[in-house]
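Below is one structure, written out as structure tokens; comments come after it.
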Amino acid sequence: MHTLAFYNLKGGVGKTAAAVNLAWCAAQDGLTTCLWDLDPQGAASWYLRDTTGLEVKAKKLLKGKNALENQVRATELPGLDLIPADTTYRHLDLLFEQSDKPREILAKLVSPLADRYHLLVLDCPPSFSRLSENVFALSDAVAVPLIPTPLSIRAFSQVSEFLQQKQLDRGQLFPFFSMVDKRRMLHRQWLEAPPAELPNLLSAYVPYASAVEQMGQHQSPVNQFAAHSPAAAAYQALWEELRVYLRLV
Ligand SMILES: Nc1ncnc2c1ncn2[C@@H]1O[C@H](COP(=O)(O)OP(=O)(O)OP(=O)(O)O)[C@@H](O)[C@H]1O
Ligand SMILES: [Mg+2]
């Protein structure tokens, strides 16, 4: 099983939209895929029409052997399962604090999923925490959506420094531009000549698109209701790039 996380310290940059759409692309490619909604806001769970919520408290999750596996729900989309969000996730951080091997916790939790899935997609909340450290340690690739602004570069550098401080591999970070509006000069300039501070920048980018905004109304990945939209094509292109990095070809 490969693990692909969507992360940025900044909120509202398109992490969840990308996580849901790329998980859909992976499932369409015939890869059994599970999306774990790690954000208590539960936006990914909402997009995937979850009505149940997570039934187990974080503490139990860490104690029971197959506790996480039991929380997997099938979605209406073939090949795509979901572990829904729950507000008890704030307890996860506390448990990480208490453990003497905090980095192994998430890996241990997800290990029973390894036989069932080709790909685990993690949709992360926008913060630095033990949870994010665990996510970085576990993931094969961390995709980082960035709106093309100088502040986004700063946020990316902070993430990169955080990994360095924690002696984690910064080469697993894959930034990509999100909410690109070609009417804006800086957006056009950065597409042409990306800033040097963004190593591994993916060449595909997500345009600012009403189809993405409409995901909330449709509670679906973009491809389900706007298959021929530029946004659907963009997510597909992103997935194809990441798929190569993940060696899922
Ligand atoms: N490419 C896009 N074009 C237009 N709107 C977008 C795009 N991507 C995301 N949005 C909208 O912006 C808002 C934030 O997107 P999303 O929830 O994916 O971001 P996020 O980074 O996961 O946010 P959070 O940090 O709160 O988890 C949503 O209302 C979403 O519909
Ligand atoms: Mg989100």
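Structure data summary
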item: Pairs, first among the β-branched types (Val, Ile, Thr) in the stretch 14-39, second within 13 Å of ligand 1 (Cβ to nearest atom) and open to solvent by 10 Å² or more (accessible area, probe 1.4 Å), C-beta under 6 Å, six or more apart; result: THR16/ALA43; VAL20/TYR47
item: Selection count, the stretch 107-125, where residues are more than 20 Å from GLU97 (Cβ to Cβ) and touching a Gly at 6+ places or on another chain (Cβ under 9 Å); result: 1
item: Qualifying positions in the stretch 123-155 - hydroxyl-bearing (Ser, Thr, Tyr), over 16 Å from ALA107 (Cβ atoms) and within 13 Å of ligand 1 (Cβ to nearest atom); result: SER127, SER152
item: Qualifying position, being of a type in the set (Ser, Thr, Tyr) and within 16 Å of ligand 2 (Cβ to nearest atom), among SER220, SER127, SER203; result: SER127
item: Enumeration of residues in the stretch 154-165 that are among the aromatic types (Phe, Trp, Tyr) and crowded, with 20+ Cβ neighbours inside 10 Å; result: PHE156
item: Any hit, the stretch 190-197, residues being open to solvent by less than 10 Å² (accessible area, probe 1.4 Å) and either under 18 Å from the mean Cα position of the chain (by Cα) or not hydroxyl-bearing (Ser, Thr, Tyr) (or both); result: no
item: Boolean, GLN214 is more than 20 Å from ALA5 (Cβ to Cβ), out of contact with any strand residue (DSSP E or B) (no Cβ under 8 Å at 6 or more places or on another chain), within 16 Å of ligand 1 (Cβ to nearest atom) and touching a residue at least 40 places away in the same chain (Cβ under 8 Å); result: no
item: Condition broken by ASP181, with the remaining ones in (1) on the phi > 0 side of the Ramachandran plot; (2) in contact with a His (Cβ under 9 Å, 6 or more places away or on another chain) satisfied; result: (1)
item: Counted residues, the stretch 198-224 - those being over 24 Å from ALA141 (Cα atoms), open to solvent by 20 Å² or more (accessible area, probe 1.4 Å), assigned to a helix (DSSP H, G or I) and not hydroxyl-bearing (Ser, Thr, Tyr); result: 5
item: Residues satisfying the stated conditions in the stretch 96-148, i.e. under 22 Å from GLY171 (Cα atoms) and open to solvent by 30 Å² or more (accessible area, probe 1.4 Å); result: ARG103, GLU104, ALA107, HIS118, PRO126, SER127, PHE128, ARG130, ALA137, LEU138, ASP140, ILE147
item: LEU151 vs. criteria surrounded by 14 or more Cβ atoms within 10 Å (Cβ to Cβ) and within 29 Å of SER45 (Cβ to Cβ); result: no
item: Selection count, the stretch 1-41, where residues are within 10 Å of ligand 2 (Cβ to nearest atom), open to solvent by 10 Å² or more (accessible area, probe 1.4 Å) and part of a loop (DSSP other than H, G, I, E, B); result: 5
item: Check on LEU9, modelled with pLDDT under 80, among the aliphatic types (A, V, I, L, M) and either within 16 Å of ligand 1 (Cβ to nearest atom) or touching a Pro at 6+ places or on another chain (Cβ under 8 Å) (or both); result: no
item: Whichever residue in the stretch 166-178 is assigned to a loop (DSSP other than H, G, I, E, B) and touching a helix residue (DSSP H, G or I) at 6+ places or on another chain (Cβ under 8 Å) and, among such residues, is least open to solvent (accessible area, probe 1.4 Å); result: SER178
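The values are calculated or read from the model by the stated rules, or taken from the named source; none is laboratory data. This is a predicted model, so every value here is computed, not measured. Positions of Cβ are generated from backbone atoms using ideal geometry, with glycine treated the same way; all protein chains shown enter the neighbour counts. Each accessible area value is taken on the protein alone, full model and side chains, heavy atoms only, with ligands, DNA and RNA left out. Shrake-Rupley method; radii C 1.70, N 1.55, O 1.52, S 1.80 Å.
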